[in-house]
Structures are given as C-alpha cells and as structure tokens.
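Participant: Take a look at this one; I'll ask things after.
A short reminder: the numbers here are calculations on the coordinates, not readings from a lab. Here the structure is a predicted model, which is why all the values come from computation and not from measurement. FYI the Cβ positions are ideal-geometry reconstructions off the backbone, even for glycines, and counts take in every protein chain you see.
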Amino acid sequence: MVALQHAATAAEGGAFAPILPTLILLLPLAGALINGAGAFLWKDNRSIPGLVGPAAAIGAFGIVLANFIGWIQADPGGAIIVPLYTWMASGGLHVGVDLQFDQLSLLMMMIITGVGSLIHVYSVGYMRADPGYSRYFSYLNLFIFFMLVLVLGSSFPVMFVGWEGVGLCSYLLIGFWYENKEFASAGKKAFIVNRVGDFGFLVAMFLLFVHFGTLDFVPLLAAAPEVLIFGGSVVTVATLMLFLGCAGKSAQIPLYVWLPDAMAGPTPVSALIHAATMVTAGVYLVARVGVLFALAPVTQALVAAVGAGTALLAATIATRQYDIKKVLAYSTVSQLGYMFLAVGVGAFTAGIFHLMTHAFFKALLFLGSGAVIHAMHEAYHATHAHDDPNDMRNHGGLRRFMPITWATMWIGTLAISGVFPLAGFFSKDEIVWSAGSYGYPLLWIVSLVVAVLTAAYMTRLMVLTFHGENRSGKGVAEHLREVPAVMWIPVAVLALLSVVGGWINIPAALPLPDVAWLHHWLEPVMEPARHVMAQQGFQAAHVSPIGGGEALWAGLATAIAIATVVLTFRALVHKRYAAAADSAAPTGLGGILYNKWYVDELYDRIIVRPLIALWRACWQVVDVRLIDGSVNGLAGTGKIAGWAMSLLQTGRVATYLTVFVAGAILILGTILL
Amino acid sequence: MALDHGNLALLLGAFLFGVGVCGVLLRRNAIIVFMSIELMLNAVNLTLVAFSTSLGIEAQVFVFFILAVAAAEAAVGLAIIISVFRHYELVDIDRVNLLKW
C-alpha cells in the first residue's frame, strides 16, 4: 500500500479560482427546500414553484457558464480542488467533501445545468395542471443538486453520495404519480435494480482504498500506473465491480430492465434523468477513472462487448414498441450502449462526446414526445375519451396540428440517425470508427447494424406519430393544439443544439475545418489513460477492418442513415394502422420484439420467483414454525402451569383457612422444634 | 413449673386460642367464624398481658394496638357479612365461593 498525500494538484497554466463554487450546489438545494416547503405551505400556488424551480437551475447554469468561460480564459491545465470540509477522518482514511473543477466536470455541469434549465422551463408548461406542481419542482431541483455533487465530487465517497442521491430522485420522480400502483412499482424496480449496481460500486471502492490508501481521484489516478500491474487481478476486479455499478445506473445488460419501466414518470423527467444526465453517470465514471480501465484490458473488452450487445438488443426492441416513450427509452438504452462501446474500446472522448450530443437530441425527442402526449391528453380530456395518449397507434397525422413539434422532432430524429451535419453524425461516427480502428471488427459491424436500426425505429416513430391519417378517434382531432411557447421554445433551443452540437469536434479526416475542440479540451483528463493504452500497444489503425479510411466510412455511414430514413419512411407512410383499441397483439418475431425478448419474464422466472419462494420459505418455516413456535411454546407452557396452579384456588374460605392454619403450625413447628 | 397466676393466664390464653382455631376451621356460619377470630385475637391479648410481667410494659402497649385493629376488622368484617347476607340470604361460607379463578 502506498500512502498518498491528500493535496490539490498544483495549477500548471494560468491562475483560476472557481467562481462561487458552493453556490452552484446551494442554488438547486435551496430551490428544492423552498419548493419542498411549498408542497405543504402553498399547495395550490402555481407561480412560486414555477419561478423558484427554473430560477434555481438557470442560476446554477449561469455560475457554471461563468466558470466555464473563466477556465477557458485562464486555462489552468490540471484539476482544481475546492475543499469544503472534512467528512471522515479515521486512521488512514481521510475523506473531504471537496469539489473538483476540471475540464470533464465543467463540461458535465454545462450539460446538466444547461439541458436541466431548459427542461425546468418546459416543465412549467407540462406540469401546469398537476396537483403536485411544487413537489415536482422540489424533486427536480434536488436531482440537479445531487447530479452536480456526482460530477463535482473529488473522491469516490462524495461521488457515491451524488450517485445515490440521483437514484433517490429518480425513484421519487418515476413514482411521482404514486396513486397508480404500477407507476409506484416501476419506481421500486428502478431502485432495487440499482442496488445491485451500487454493491459493485462499493466493493470497488473498498478494494481501491486497500491498495491506494486514498479515495481521492487526483492522487489515486496519478499513482495508479505504478501501484497496479497492467491486467492484474486487483485492477480487473475493481474495474469489473465499478462497471457493475455503471451497468445499473446507465442501464446496460443485464441491469437495463428498469429504464423502460422508468417511463412511468412525467415526460420531462424522462428527458432529464432517464435520457440526458443521470443514466450517463456510468459513462462519466468510466471516463473519470479511465486510467484504471485502461489498465484492465479484460474489463475494457467486456465493457465494449456489453455496450455493443446492449445497443443491439435495445435497438431491436425499439423497432416494435407502440408506446412513444418506450421507443425512446429503448433508444436511450441503445445509445448508452454506444457510449460504453466507445469508452470500452478506449475512445473515452468519443464516449463523452456522444454523451453530450445524446443529451441534446434525446432530451429534444423526449420533450417533443411530451408535447405530443400533452396535446393528446388535453384533446382526450376535452372529449372525455379514455384512450392511451402515449400509444402511437392512436396518433397519426399530428403534423397538421403541431407543426413546430413535428419539425423539431424531425431534427432530433435525423440527429440520432447520424445524418450529416447534425450532432449525432459526428459523435456516432467517431464511436463506430473507433470500434473499427481499435481492432474490434465484430463490434464495429454491430455498431453499424445498430445505426441502421436506429434510423429505422426513429423514422417509424415519426411516421406513426406525425404522418398518415389521424387515428385519435371521433371528435378528438379538432381539440388537438400546438403546445404553448413555454414548452416549444426549450425544444427549439435543443433542436438548435442538436444541429450545431457536433461541430465542436470534427475529425481531421473529413474534408471540413478541423475543429478538434473537445479532444483538446478533454486531453488533460484523458491523457493518462491514453498514455497507458499507448504504452501497451493499443493504437488506432487508419483503416477499417475491411479497408477504407475514416472519411470514406463517415460518408458511407451518413449515406446508409439517409437511405434507411428514406426507405423506412416510404415503406411505412402509406401503410394503414388500426387504433390501439382495434389492434391485435403482434405475433411471430414482431411479437417477440414487442414483448422485449421476454427478458422481464425470464428475470421473473430465474430471479424474482425463486427469491419470493425463498422468502416465503423463510416466513413459513423459519419465522412461523421456528421462531413463533418457540415463543408461543414458552407462552403455552406458562399458561398450562398457571391453569394447574389455579386449581388450588377453590374459592371456599374454609379451605383457605385450613391451609393457612396448617401453614402457620408448620412454620411455628419448624421454628420451635 | 409452678401454677401461678401468670402461668394460668398463659394456659387460658392458649386454650382460648385453640377454641378459636377450632371454631374457624370447623364452623360454617360466617358469624361464628368471625366470633372465633375475635376469640383468637383476645386470646393473644391475654397472652401478651400475661407476658408483660416478665417482658415489661411494651407487651401491654401491643394489646392496645390489637384492640384497635380488632375494632376496625370487626367493622369491615361485619359489613362484608351483611352485604353477603343481603345478596345470598345466607351466611354459610361453604356456599359463598366466588373468590376463585
């Protein structure tokens, strides 16, 4: 074990002091507390939570932006630690609540508070009619707080606090409409599945502490290449355990099953927590401790394989879902798979790049679907119909009623499909290219197939929702309206970001201006991991596994994406669909995909039911027979003894007197004789 | 042992006590049982007075305590017997046996 000093890294470049670092955290926390109090004190007031909630998020964004600009101007190089106070100090363990400002945490904070602010504003319109308005904003602010703790934490334990906190907020917001038992169960499912992952996180933390004597990122990662043997068992087990935590939080095989059910929560929540920020925490963690993963090639290969497998599995399921949010949920799982594929093959920056662009276009798509659901819900409400506003079979032809939502959703669809020059093209292309060039031909092919599937299911979603005939039912169509400005303006901003978001990182191989800004920006954070990989001979090739350079394959990828979009559109747009109520359940392969490969049923058989049987055995044998039996047996013995003794109580005074005299004589006789 | 006054009084006390015990054990009429108890108390009083010649004045002080307690006991006991009689119209202690489980 190497004893390491707890010390902040000396700034290499210019001087930079983080601007109001604690206020970044305190603003959302204060918002959460005020709105939490408001849920009890001014229950029916719409204006206070509608102001406080977004203001807390926008205020945090403002400070983060100031820090971001300040950092760019000063360019201090390495991480800056802002110590707040000592949390735990015991023997060799010293854990401080310290904030780590570096390029990665600043970028993550920009995404969290930026996209978070837009979603807060959108929520003002979306949740307007909900009785739990104040409670909603309280949870949402609290989520921003914990997410910022997660990315700002300078050590594993502080990060874990944020990690658990966002899990809590996720649980609270999935089960936001807790009167519905199914929704409440979905929240519990998310929480319980995440416990499996958290177990891994904790074990990894203990293991790293034993070998490093510290849990702070900066000294731990700096010492990692000397302390740990490349490919050794310690680093392999630690990273595998960390990846288990990532698989839980970021919905990867085998723990992805909670995310589609998490769609039970309000749609802005799905956009913020279950698409843009929380579920990407796993990718962030792998990138943060990239050196450890670089030292464990076995884990790296597994991460890449699990990522590609998840991407493929979820993409196939998404092609046959009818619930608009379920399609997007599986799409999110699939895109998270892409990110893990990227960090798994060693392209950490590509993973973070896709994390960022995905936050833009997936938040856009979720908010767009929220607008559709909102409009459908209002229309059904006006006509007293009780059909499912989420079911795409009840949509159709919404383009005429909601032109802004239609246009922005198409931008999101083209972005996620990887059409040039939208954001998704650059980030996805870099991942696909990395898989090929780092020498994983199978994963490269899988990632190409997933790109085709992505374009197909997203086009299907657009056709079913916005094109063709309206299937919403009699009289409903005339009540369909475009959503108010407070909802479409955030969506429009995200649409803009989905277009330009990819331009910060244009590969040199393309015949375009070479803007590798993100690579330069993240270089100080990613350099140690790349250094380790380069030492061990992991080098990206300049041709794909079957030949051709990056530019050729980027062109081919966008051509494939455009072709898939066009072909799917033409194949589906004239097809006639029945409304949800008149549709038969899909059969054959479609039925298997519609039922999500029966994974939930499989888990139910092999995990849930045996566990329930075991607990039932514990209850009926151990508890009822053994514990209750012995306790009741003791009580029963006492009862029988008491009954036997009570026979002495005849109730006849004569008996008592006789016994009394006999006793007196006996005692006197004993004393006297 | 000479049969002086003191010893005579002790013998009488013991005899009266024995009569009282027999009465308590053998009679079934509550009033008689009660009178027997009084007899036992007074037998003890007599014994204490007899002992006072050798033990000092404290023994006679005890007699007054016993007289006071006996008076209280008589008041409570007779009241109970009257209540029992009013309820059952009898004072046979064998047939009044509610004091059980």
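Participant: To the nearest 0.05, how large is the calculated FRET efficiency for A:GLN73 and A:ASP628 if R₀ is 56 Å and r is the Cβ-Cβ distance?
Facilitator: It comes out at approximately 0.20.
Participant: So how far, in whole Å, is the C-alpha centre of region A:342-394 from the one of region A:25-73?
Facilitator: 24 Å
Participant: Test of the criteria: in region A:477-585, which trypsin sites (Lys or Arg not before Pro) are in a DSSP loop and have at most 16 other Cβ atoms within 10 angstrom of their Cβ?
Facilitator: Those that pass, being in a loop and sparsely packed, are A:ARG481, A:LYS575, A:ARG576.
Participant: Quick one: dipole size for the protein assembly as shown, taken about the Cα centre, charges +1 on Lys/Arg Cβ and -1 on Asp/Glu Cβ, in debye to the nearest 20.
Facilitator: 1820 debye
Participant: Looking at A:VAL372, A:ALA635, A:ALA541, which one has the Cα that reaches farthest to the positive end of the dipole of the protein assembly as shown (charges on Cβ: Lys, Arg +1; Asp, Glu -1)?
Facilitator: The listed residue farthest towards the positive side: A:VAL372.
Participant: Provide the per-residue ³J(HN,Hα) series for region A:105-117, in order, calculated from phi with Karplus coefficients 6.51, -1.76, 1.60 and θ = phi - 60°, each as a whole number of Hz, with x at glycine and proline positions.
Facilitator: 5, 5, 4, 4, 5, 4, 5, 5, 6, x, 5, x, 4
Participant: Name the longest site-free stretch of chain B, where the excluded sites are trypsin sites (Lys or Arg not before Pro) in a DSSP loop with no more than 12 other beta-carbon atoms within 10 Å.
Facilitator: It works out to B:1-94.
Participant: I would also like to ask the following. So, in Å, what gap is there between the alpha-carbon centers of region A:601-673 and region A:214-237?
Facilitator: 60 Å
Participant: Right, here's the next one. Apply 1/(1 + (r/R0)^6) to the Cβ-Cβ distance of A:VAL621 and B:ILE80, taking R0 = 56 Å, and write down the FRET efficiency to the nearest 0.05.
Facilitator: The calculated FRET efficiency here is 0.50.
Participant: Could you tell me the largest-minus-smallest coordinate of the C-alpha atoms of the protein assembly as shown on each of the three principal axes, in descending order and whole angstroms?
Facilitator: 145, 72, 50
Participant: What are the lysines whose alpha-carbon lies under 27 Å from the alpha-carbon of A:LYS639, with same-chain residues fewer than 8 places away excluded?
Facilitator: B:LYS100
Participant: Which net charge results for the neighbourhood of A:LYS596, defined as the other residues with beta-carbon distances under 13 angstrom from its beta-carbon, given Lys and Arg at +1 and Asp and Glu at -1?
Facilitator: -3
Participant: I would also like to ask the following. Which order do peptides A:118-126, B:37-45, A:644-652, A:403-411 fall in by mean Cβ count within 10 Å, highest first?
Facilitator: Final packing ranking: A:118-126, A:403-411, B:37-45, A:644-652.
Participant: Based solely on its DSSP helices, what 222 nm [θ] is calculated for chain A when runs of n ≥ 4 H residues each add -39,500 (n - 2.57) and the sum is averaged over all residues, nearest 500 deg cm²/dmol?
Facilitator: After summing the helix terms and dividing by the residues of chain A, the value is -22500 deg cm²/dmol.
Participant: Taking the alpha-carbon distance from A:LYS428 and a cut-off under 15 Å, which aspartates and glutamates remain once sequence neighbours fewer than 8 residues away in the same chain are dropped?
Facilitator: Cross-link targets: A:GLU550.
Participant: Hey, can you grab everything whose amide H is under 5 Å from the amide H of A:GLY153? Only 5+ residues off in sequence or another chain; H modelled, so Pro and N-termini drop out.
Facilitator: A:GLN100
Participant: Excluding same-chain residues fewer than 8 positions from A:LYS326, which aspartates and glutamates have a Cα within less than 12 Å of its Cα?
Facilitator: A:ASP261, A:ASP391
Participant: Then there is this: Calculate, for A:ALA516 and A:ARG609, the FRET efficiency according to 1/(1 + (r/R0)^6) with r their C-beta to C-beta distance and R0 51 Å; round to the nearest 0.05.
Facilitator: 0.45
Participant: Same structure, new question: What's the extension gain from A:PHE199 to A:ALA664 if we count 0.36 nm per residue and subtract their Cα-Cα distance?
Facilitator: Taking A:PHE199 through A:ALA664 to full extension adds about 160.2 nm, to one decimal.
Participant: For chain A, which longest stretch is free of loop sites, where a loop site is one of the GluC sites (Glu not before Pro) that DSSP puts outside H, G, I, E and B and that has at most 16 other Cβ atoms within 10 Å?
Facilitator: The longest such stretch corresponds to A:180-468.
Participant: Right, something else. How would you rank A:CYS246, A:CYS169, B:CYS22, going from fewest to most other Cβ atoms within 10 Å of each one's own Cβ?
Facilitator: B:CYS22, A:CYS169, A:CYS246
Participant: How long are the semi-axes of the equivalent ellipsoid of chain B, taking √(5λ) for every eigenvalue λ of the Cα gyration tensor, in whole Å from largest down?
Facilitator: 33, 16, 9
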